[in-house]
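The values are calculated or read from the model by the stated rules, or taken from the named source; none is laboratory data. Just so it is clear, the structure is predicted and the values come from calculations on it, not from any experiment. So basically every Cβ, Gly included, is an ideal-geometry build from the backbone, and we count neighbours across all protein chains shown. These accessible areas exclude ligands, DNA and RNA; they are computed on the full protein's heavy atoms, side chains included. Shrake-Rupley method; radii C 1.70, N 1.55, O 1.52, S 1.80 Å.
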Amino acid sequence: MKKSKYIGAAETTQAKLKQAQRNAETNVAGVLASYGTTIVKGQEMLKKREKEREENKKYENPLELTP
């Protein structure tokens, strides 16, 4: 056993853990934004994919797809 795990250890609560997770996500978002990257949230991404699928179906020829 290492003493370093127990000496000077910080006490963590559920609230502190959630705050640390939020801070980590914010930091990552900030770094990506500084590089000019935009972040698309989950719902927006799903809507975009669905729209692309519908757009692709519009130009499909059913005669070419049949075996």
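Are there any pairs with C-beta distances below 8 angstrom linking a residue in the range 7-29 that is of a type in the set (Gly, Ala, Ser) to a residue that is open to solvent by less than 100 Å² (accessible area, probe 1.4 Å), with the two at least 6 apart or on different chains, and if so which?
Short answer, once both residue conditions are applied: ALA29/ILE39.
Within the range 1-20, can you find the residues that are assigned to a helix (DSSP H, G or I), modelled with pLDDT of 80 or more and open to solvent by less than 100 Å² (accessible area, probe 1.4 Å)?
Passing the criteria: ALA15, LEU17, GLN19, ALA20.
Filter the range 31-49 for residues that are modelled with pLDDT of 70 or more, assigned to a helix (DSSP H, G or I) and open to solvent by 90 Å² or more (accessible area, probe 1.4 Å) and give the result.
GLU44, LEU46, LYS47, LYS48, ARG49 - these are the residues of the range 31-49 that are modelled with pLDDT of 70 or more, assigned to a helix (DSSP H, G or I) and open to solvent by 90 Å² or more (accessible area, probe 1.4 Å).
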